[in-house]
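Please treat every number below as a calculation from the coordinates, not as lab data. Here the structure is a predicted model, which means the values were calculated and not measured. Here the Cβ positions follow ideal geometry from the backbone for every residue, glycine too, while neighbour counts run over all protein chains shown.
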């Protein structure tokens, strides 16, 4: 695959200056991104898997014949049939419907929790890296302590204390992700704050908060985007795991981890709910990982 | 070097202190307080209030934190005016009961109780029973003329009684709510504190948390050690094969397999392995339920699937690191020099590539120990393996607060300690790292 990318090189030389070219610039960066993605087979396979699940989630009502909550007491724990494509679970609910709607749950909560984590991480990491000194010391010591927790343990403690709900799952995963993001933002900030344009902004008398948000943060975006994608993979991983541990979304919300947990005890009579939900989470998480990994390798090649 | 070790130890100490604050804060201050969790939805406000008093939850957060970490016996001793001692007696096979007593100058162990407005001294006899003595002469009188007494009650608490206060104490046991008049007005639950090995009573198992955890840690360590012993050599070997054949079919296959095993959630890997080996092939048991302490030795098949599951995730991760480090070394100038010098391929691989590839597992322990431990927690719950992780999960589901707190602290200490040791070993064997 190509080691140099003419499009990016050209863009650097002809940086858009007028307002009209801004739109063109956006279009170009989208094309550049596509070029980066298609340069890596790993990223392409990953993206395909992710898009597949996104489509299933979006069109869930159109591609299922039942709602995920309908119970049919005459058809409990049955294998695939014409009526139920992937069989039914222990309450007679359609497995395919629960998988399809479960994709909505995980694809909504995953990115949402990562967004919250990014907001917190940026809010902590930017000032720490910018001011350094004692602010940095205090913030980093506390974050180190959070990083000493195995993530799943932190989630377990938080959710056992505040109870299992989708809101609490998002909060828990955001708290778990914040320290890592803050560290990354801090490291990037410490590098960028020494650049000339930051010094120039300071000379102009711009307040610190504007410098941080307008000058430094936008210039951190490259590594942050890759990190964001990686973290969506982790978030999906942990939402599934929490569901499996019985600490995820309360029933009857369709949730893959929860489906595995519920079907676990009926596995000897009916493997379908467990098998489908397991394969769903595996393909989604691996797809997200492959996409982010491929993208990271490809972008690192340019640096 | 010594300086470096000491500095690292101090950092670790600070981290653990902060961790203890975080754990305590999340578990105890979070909405849905401890007493409510214990009592369920049907307790009256009076009953809840009494329970909170007895558990010492009315004390300030800082006092509770200090008591949890360092114990409360030294806080209560000046009030009681006698040294306090904890006795441990065996009850049945496993359960041990712990009781607190005040030690009188003549060596008697005593507790107190108030019945029908009368103070009663309970003196411990050698056989563990108690001898009742009326002790109304022991009431003390404060400045306002009120008779009061600080002693140790029968529920392992230092307590203050006020004569004629008619305070009602509610206790909750197997037979339901019990009501007792002439109860103490203030309690200090006695404990030695986490740092002195007393983590409180498990609300679920009704025995000291430290007893239960001790047994669980052994099981978890066995699982972790086996998973490591199986996965690391496999992963290094596969990573080496893949790295030496960069870009060929075998590399592609190994790399993709590594990506899949490293990326799959542990519970999914576990479930798929159960399906294949327990459900379809019927060669291994799908759960690791221990019927006795030596169950692992009697039936080693019990532990095969948990080890495989915990190991597979590690295999994927270590394999990828090994592969990329092998690829890097193979493209390095010194390997080219070695080949040009006329060394055989075999010698180059053994002398240069393998040595560098062996660094990978240690790096992994450093970077990955938390991930690995988190994975163990999940694997243990998939198979019902009686380890520390499964214990924490059950404690979390049951809201067994003292168990969650203690077990989390132990788990994090293990994680941080492993990281520190791996870090020190790494700086010892890697000549490129200089400690400052």
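Structure summary
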{"item": "Value at 222 nm in deg cm²/dmol, rounded to 500, when DSSP H runs of n ≥ 4 in the protein assembly as shown each add -39,500 (n - 2.57)", "result": "-20000 deg cm²/dmol"}
{"item": "Fluctuation leader among A:286, A:181, A:157 - chain A, Gaussian network, Cα springs under 10 angstrom", "result": "A:157"}
{"item": "Between region A:115-163 and region B:325-398, the alpha-carbon center distance in angstrom", "result": "27"}
{"item": "Residue B:25-residue B:351 pseudo-label distance in nm [points 7 Å out on the Cα-to-Cβ vector]", "result": "5.6"}
{"item": "Residue A:119 paired with residue B:344, simple spin-label distance in nm, labels 7 Å along Cα-to-beta-carbon", "result": "6.5"}
{"item": "Two-site label geometry, residue B:106 and residue A:71: point separation in nm, points 7 Å out along Cα→Cβ", "result": "6.8"}
{"item": "Prolate/oblate/rounded label for region B:48-198 (Cα gyration tensor, a/c 1.5)", "result": "rounded"}
{"item": "For B:268-279, mean number of other protein chain Cβ atoms within 10 Å", "result": "5"}
{"item": "Region B:187-232 and region B:154-186: distance between their alpha carbon centers, rounded to Å", "result": "31"}
{"item": "Residue A:135-residue B:62 FRET efficiency (beta carbon distance; Förster radius 25 Å; 0.05 resolution)", "result": "0.50"}
{"item": "Directionally averaged projected area (convex hull, Cα atoms, chain A), nm²", "result": "19.3"}
{"item": "Within 10 Å of each Cβ in A:237-248, the average number of Cβ atoms from other chains", "result": "4"}
{"item": "Principal-axis tilt of helix B:401-429 within chain B, Cα atoms, nearest 10 degrees", "result": "40"}
{"item": "Between helix B:359-383 and chain B: long-axis angle, C-alpha atoms, 0 to 90°, nearest 10", "result": "50"}
{"item": "Alpha carbon convex hull of region A:135-217, volume per residue in cubic angstrom", "result": "109"}
{"item": "Residue order, fewest to most surrounding Cβ atoms within 10 angstrom, among B:131, A:66, A:264, A:84", "result": "B:131, A:264, A:66, A:84"}
{"item": "Average partner coverage of A:140-149, which counts Cβ from other chains inside 10 Å", "result": "6"}
{"item": "Overall Cα dimensions of the protein assembly as shown - principal axes, largest extent first, Å", "result": "97, 74, 62"}
{"item": "Residues residue B:146 and residue B:249, FRET efficiency given R0 of 51 Å [Cβ-Cβ distance, rounded to 0.05]", "result": "0.05"}
{"item": "Protection proxy ranking of A:215-224, B:158-167, B:244-253 - average other beta-carbon atoms within 10 Å, highest first", "result": "B:158-167, A:215-224, B:244-253"}
{"item": "Length added when fully stretched, residue B:234-residue B:276, from 0.36 nm per residue minus Cα-Cα", "result": "13.0 nm"}
{"item": "Tilt relative to chain A, helix A:166-192 - C-alpha long axis, 0 to 90 degrees, to 10", "result": "20"}
{"item": "Packing-based order for B:101-113, A:25-37, using average beta carbon neighbours within 10 Å, highest first", "result": "B:101-113, A:25-37"}
{"item": "Pairwise FRET efficiency - residue A:24 versus residue A:108, Cβ, R0 = 30 Å, nearest 0.05", "result": "0.35"}
{"item": "By average C-beta atoms within 10 angstrom, highest first, the peptides A:270-277, B:335-342", "result": "A:270-277, B:335-342"}
